[in-house]
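The values are calculated or read from the model by the stated rules, or taken from the named source; none is laboratory data. This is a predicted model, so every value here is computed, not measured. Backbone-built Cβ (ideal geometry, glycine too); neighbour counts: all protein chains shown. Areas reflect the complete protein model, heavy atoms only, side chains present, ligands, DNA and RNA absent. Shrake-Rupley method; radii C 1.70, N 1.55, O 1.52, S 1.80 Å.
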Amino acid sequence: MNKEYGSILKQLSKENRKTIKKMQHYLETCYINEVVFEDLMCDIAGMAMECQERGENFADSIGTDYKSFCLSLSENVKKQSFPERFFEVLKWMVYFVGIIIPFLYVMYAFFDATRPNLSGFVLNAPASEIFMYFSVSTLVVIGFFLAKRFTYCAQTLVIFIYFAAVTGAFVLTDFLGEAIFGNITLSVNLITWGVVILVLLLICQLARRLIATNIAYKAKERRKNNFEFIWKNKK
């Protein structure tokens, strides 16, 4: 979120901030274009500031059902395109996969006294073990985005299914890894791995932001008119 949004939040009362955070959480499930979402939250924070300056409570101004108000705002704004979602998922997959090798390196360094798997900055790990962590990381990321889509209304059940699936994946991939790779060992240089992961994360972030900005720029005027219309009807 941009600096303008954070600056406005600091000036709001605790109750108004709480209302905005609820709205933000709900709007995040609508998969709104990243740049449009940031602008929308700034507009909402500005609305709250207007109410506060008039001595009004923001929650009272938008009505008791803030979800309906958020839904009205989100209906005519630009949603995330397929490339945006693709690069967002890819970014988190790269991140989770990226920490696997450092995690294994630290684990062997601190919990294996003989350290037969380490040679300087080179990690020698069983292919089955790397396969297990890679597979689970992929499931964690995909599951996160699915949970993000459904947890607002059925949080307990979805989170339970999510963690059950991750736990089951650990057991299943541990068995499959042994069956597929046997005793094969892979060698990975920690520094090279870190550089590659950082470059991939940067590419994913830049690509997603450029795509989101280009789409948001084209839709900005229409979104502004729609927001002003909804806010005037609420006053």
### Query
Residues in the range 1-19: is at least one at pLDDT below 85 and under 19 Å from Val89 (Cα atoms)?
yes
### Query
Is it the case that some residue within the range 192-201 is assigned to a strand (DSSP E or B) and either in contact (Cβ under 8 Å) with a residue 60 or more places away in the chain or in contact with a His (Cβ under 6 Å, 6 or more places away or on another chain) (or both)?
no
### Hey, Tyr162 more than 30 Å from Phe121 (Cα to Cα) and in contact with a Gly (Cβ under 6 Å, 6 or more places away or on another chain) or not
yes
### Task
Of the numbered conditions (1) open to solvent by less than 50 Å² (accessible area, probe 1.4 Å); (2) at pLDDT 80 or above; (3) out of contact with any Ser or Thr (no Cβ under 9 Å at 6 or more places or on another chain); (4) not in a loop (DSSP other than H, G, I, E, B), Tyr108 fails exactly one; give the number of that condition.
(2)
#### Entry: Filter result (part of a helix (DSSP H, G or I) and modelled with pLDDT of 85 or more) within the range 68-88
Phe82, Pro83, Glu84, Arg85, Phe86, Phe87, Glu88
### Summary
If we keep only residues of the range 36-49 that are open to solvent by less than 20 Å² (accessible area, probe 1.4 Å) and aliphatic (A, V, I, L, M), then the residue farthest from Ser61 (Cα to Cα) is Val36
### Query
Do you know which of the residues in the range 147-170 that are open to solvent by 100 Å² or more (accessible area, probe 1.4 Å) and modelled with pLDDT of 70 or more is nearest to Lys21 (Cα to Cα)?
Thr156
### Task
Report yes if Val122 is in contact with a Ser or Thr (Cβ under 9 Å, 6 or more places away or on another chain) and crowded, with 19+ Cβ neighbours inside 10 Å, otherwise no.
no
### Message
On the basis of being aliphatic (A, V, I, L, M), over 19 Å from the mean Cα position of the chain (by Cα) and closer than 21 Å to Ala212 by Cα, does Ile44 make the cut?
### Response
yes
### Task
Return the total of residues in the range 53-89 being open to solvent by 60 Å² or more (accessible area, probe 1.4 Å) and farther than 15 Å from Tyr26 by Cα.
10
### Query
Is there a residue in the range 114-131 that is among the acidic types (Asp, Glu) and at pLDDT 80 or above?
yes
### Summary
Counting only residues in the range 1-29 that are farther than 23 Å from Arg85 by Cα and touching a Cys at 6+ places or on another chain (Cβ under 8 Å), the one surrounded by the fewest Cβ atoms within 10 Å (Cβ to Cβ) is identified as Glu4
### Task
Might you check whether a residue that is open to solvent by 70 Å² or more (accessible area, probe 1.4 Å), basic (Lys, Arg) and modelled with pLDDT under 85 occurs anywhere in the range 206-219?
yes
